[in-house]
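Written out below as structure tokens is the structure these notes cover.
The values are calculated or read from the model by the stated rules, or taken from the named source; none is laboratory data. For clarity, every value in this text was computed on a predicted model and none was experimentally measured. Neighbour counts run over all protein chains shown; Cβ positions are idealised from the backbone, glycine included.
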Amino acid sequence: MKTFINTFKLFFRIPSLFISYFLMLLVDNYLMYKILSSFIGAKNKGMVTDSMYFYGDMGILCFVLMIIPIFLGYEFLRKNNTNSFEVVSKISKGVNVIKANQILVLLLLLVLHVINIGVCLLIGFLKIGTENIFFDEIIEMYLCDFILLPFAALSIGILLSRIRNKYIGYSLIIFVCFTCLSTTDSILTDIYHKTSIPVYYISDFCNLIPPDITATYDPLYGFPMELYRVLAKVFWIVLAMWTEMIHLTKGRQKWKQYVCLAIGSIMIVLLGFRITNKGSVLRMQSYAKSGIVETNYYYGAEKDNQKEKRGEFYITNYDMELTFSDQLYAKVLIEINQHTTLKEYNFTLYHGYHVDYVENVNGEKLNFVRDGDYLTVKNEEGKQLEEIIIGYKGYSSVFYSNKKACFLPGLFPYYPKAGFVKIYEDGYVGCENEKSHFRIKTNGIVPYSNLPKEGNVFQGDAKNVILLSGFYEEKNIGVQNIVYYPMNGLSKEIAETMENTELRDDYKKLCNYLGVFQEDVFERKKIIIIPSSLTFNSVLKSFYVFDQYILLGDSTTAYDVLESQVPYDENKTYLRDVFFYFQAGMDVDFSEEALYSEDDTISDYEEYMEIHDLFITKAKKIGQKEVARKVFNYLADTTNTEKEIDFMRNLR
Amino acid sequence: MIELAHVTKKYGKKTVLDDVSLTLEKGCYGLLGPNGAGKTTLIQSTLGIIRINKGSIQRKKDKDVGYLPQKLTFFEEATVNEMLYYFTTVKKIEKKDREIEIERVLKKVNLLEKKDERIKKLSGGMKQRMGIAQAILGDPQLIMLDEPTVGLDPEERKRFKELIVNMKEEKTVLISSHIVSDIEEICDRVIIMNQGKIIQDRALEKMELEKYYLETVNNIN
Ligand SMILES: Nc1ncnc2c1ncn2[C@@H]1O[C@H](COP(=O)(O)OP(=O)(O)OP(=O)(O)O)[C@@H](O)[C@H]1O
Ligand SMILES: [Mg+2]
């Protein structure tokens, strides 16, 4: 006890140590106060809206909880290596009591801090109440980020303290702290794409603090609290304990050393394996495997890995069992309707899913070929084949699916679709399939779907099926259902604009202006507001219409709705862009629009600019309503193959 | 009793201890040699702090040891008393005896009044004395002091010699130095090292060690 008290005194005699400790107390208490008062404020105003943003402060709090314990551990223990005491304790075959006591002191100080934060939370909950939707999240966060984090950081500090050269030590501390910033992700991703060495794994181990959710925030998903970050923390704790154990058992019996070495190594390898194989996690930013980077890279401009071949057979019936855990595990039984037996059955299934087996109803394995997003099941002998069972697992970085939440819209082939289908053009394509009967059983979570639900089984006819789970709420407006995210103010506002039919009225007005008859796309459909994170990832467009539901981005206008009605044609993209840039020529004053041809600073007069200028001049000459109607008809008419530049030149 | 047989220690290609054989019994040994001769390496090998490449060292393991390293570093922010208290715990001195033992050794090195001083406020010589105090803590049977007289003033040097003379009867004491006069007055035997080899291991009778040492080392070089 006396040595402990002496060591405790020692800590508070070293200015760099006690100053940083008190700084940590100060900063964290201030941030906790700020976070909790914003939650309490939000509660008193009767809304939880946008409280998620205050998690941003928690990011800073966690950063402090990481950097300071690393420093404390490193700085306090570093002096041990060169200390004469180390040598003397070695000779006396005793434990280095100073070191042991130093670690105990640091642990005690961190425990005090953790209790301090816990008390803040307790006060917060007494005021906010425990029934609020954040309760579970905050408790999880407390366990993962506030309790585990400082101890993991301390472990890193203890490990680094073995490095004798203090400049190398400090550089490594800076490196570790730097790797948890998103900038590092983009550097590592660049290196990965240039060298294809998966260096991004480095940041998995150092990413102890939650991602910067002000940038990557997903109101449907909630706060990212993923196992790999918990395990990364456990990893450092185990590694530090392991190295200390090895040093302690040095000179003891050999078998003790070996047992220690073996157990530690196995744990470290297992943890390392699980950390680098994360499964489905919400990870955006510039991380190599994030939605935005991976999708752009996979469907990038120079790559041509998409096929189109449909209509050889139809799927009449799907019977799926989907298990949501670290990723999606699926067993899908497909019933095929056909008149002639085929030698090959083509399917589309996202390339992130690994097909484990394909078999017929008798359990006989069928050969198959997997090629990117496509799956071809072989039936060389030409046997009668009406049912195929496909087992697969995996994840997409955009359309996540795990124990916590899932967002699997039907436009995304998370279940096998008949034929080769192009799934990505300038964003995910809103393709629909023939109507099939679905029976979907889910394990792990019970998501929301366009199909009627009974327990954890969804059953009904549909062209495609969406499954989504997380922090969503449903609202009924007459016969219509709206799914929105209570954590997001914008999604609430959109739900309101749908309620007061603002968007629908705008759209009707636009259709009248263009003189086209458009059925009411909103009629009797479920409206699902797309989380801003997904539109942020830019792989989804802001508006999709399917037979039973609509996906609506958070800044959708009547023009977006109109655009969704115009089929994509890669030969008409310039005019399409110009048309929607001028908002279908409706409320634009063309006399104020400048022409590219009159701009002296432009040297290359390109096709896009000419189309842009033609649109303006023709609108002035013929009348903007007239031009708008003709251009819209041209864009919507898939049989008209005239070149867009020629069309504009000939327009009169 | 300690026996070193054919001990060889290399750092890379450099042989620092070259086939050294040595027997230490009760009494005081002086280890003489110029800089880089391998004195520190010999002491560290004997105590098992560093590993040797060849040869064997036999030492009764359970025998408690006092060791004064050549380079002394302590926790500068701790007080003399606190630092020595840490040493008493690692030397497994019984709790009730710890305070008394600390007082005893501090008295011996004339540092009792600095007991509650922070180590960073001590002078170089005081720190050295604290190092010696730490080595004799727990009254060990084997004491190895690596250049103990560095930084001591004549008064303290005298006190140190008295300290050793008083306890060398029942113990094995080894003092390394390159200052002949330190060893001359207190040691019974002298071991002269040069370039990793023991070139002399003999009883120290009434002889002119200074002259003898210089001659031997110079002859070889
Ligand atoms: N860790 C090491 N790595 C490489 N060489 C070393 C190391 N330690 C000592 N040496 C070398 O071993 C030789 C003997 O060193 P040692 O410290 O034993 O000499 P010494 O007799 O104690 O000298 P001094 O009187 O200066 O203390 C020296 O030449 C030194 O350069
Ligand atoms: Mg030396």
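Here are some notes:
- Those residues of region B:63-89 which are among the basic types (Lys, Arg) and away from ligand 2 (no atom under 16 Å from the Cβ), in sequence order: B:LYS63
- Hits in region B:36-62 - residues which are more than 13 Å from ligand 2 (Cβ to nearest atom) and away from chain A (no Cβ under 11 Å): B:ARG51, B:ILE52, B:ASN53, B:LYS54, B:GLY55, B:SER56, B:ILE57, B:GLN58, B:LYS60
- Selection from region B:1-33 of residues that are within 16 Å of ligand 2 (Cβ to nearest atom) and exposed (fewer than 15 other Cβ atoms within 10 Å of the Cβ): B:TYR11, B:LYS14
- Hits in region B:70-87 (condition: more than 8 Å from chain A (Cβ to nearest Cβ) and either touching a Ser or Thr at 6+ places or on another chain (Cβ under 9 Å) or touching a residue at least 60 places away in the same chain (Cβ under 8 Å) (or both)): B:GLN70
Yes or no, residue by residue, for (1) closer than 24 Å to A:TYR544 by Cα; (2) modelled with pLDDT under 80; (3) surrounded by 13 or more Cβ atoms within 10 Å (Cβ to Cβ); (4) not charged (D, E, K, R):
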| site | (1), (2), (3), (4) |
| --- | --- |
| A:LEU562 | yes, no, yes, yes |
| A:ASP577 | yes, no, yes, no |
| A:ASP587 | no, yes, no, no |
| A:ASP604 | no, yes, no, no |
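- Within region A:76-96, being more than 7 Å from chain B (Cβ to nearest Cβ) and among the hydrophobic types (A, V, I, L, M, F, W, C) holds for A:PHE76, A:LEU77, A:VAL95.
- Qualifying positions in region A:386-410 - hydrophobic (A, V, I, L, M, F, W, C) and crowded, with 20+ Cβ neighbours inside 10 Å: A:ILE388, A:ILE390, A:VAL398, A:PHE399, A:ALA405, A:CYS406, A:PHE407, A:LEU408
- Any hit, region B:53-75, residues being buried (at least 22 other Cβ atoms within 10 Å of the Cβ) and more than 19 Å from the chain's Cα centre (by Cα): yes
- Here A:GLY372 does not qualify as over 30 Å from A:GLU226 (Cβ atoms) and among the small types (Gly, Ala, Ser).
- Residues that are within 16 Å of ligand 1 (Cβ to nearest atom) and either within 14 Å of chain A (Cβ to nearest Cβ) or among the hydrophobic types (A, V, I, L, M, F, W, C) (or both) occur in region B:119-140; there is at least one.
- Among the residues of region B:170-221, those that are modelled with pLDDT of 80 or more, farther than 30 Å from B:TYR11 by Cα and not small (Gly, Ala, Ser) comprise B:GLU170, B:LYS171, B:GLU184, B:GLU185, B:ILE186, B:CYS187, B:ASP188.
- Of the strands (runs of 3 or more DSSP E) contained entirely in region B:1-70, those carrying at least 2 residues that are farther than 27 Å from B:SER181 by Cβ and within 13 Å of ligand 1 (Cβ to nearest atom) fall at B:2-11, B:14-24.
- Where strands (runs of 3 or more DSSP E) sit wholly within region A:428-516, those with at least 3 residues that are not charged (D, E, K, R) occupy A:436-443, A:457-462, A:467-469, A:480-484.
- The helices (runs of 4 or more DSSP H) found wholly in region B:95-189 and carrying at least 1 residues that are among the small types (Gly, Ala, Ser) occupy B:124-136, B:180-186.
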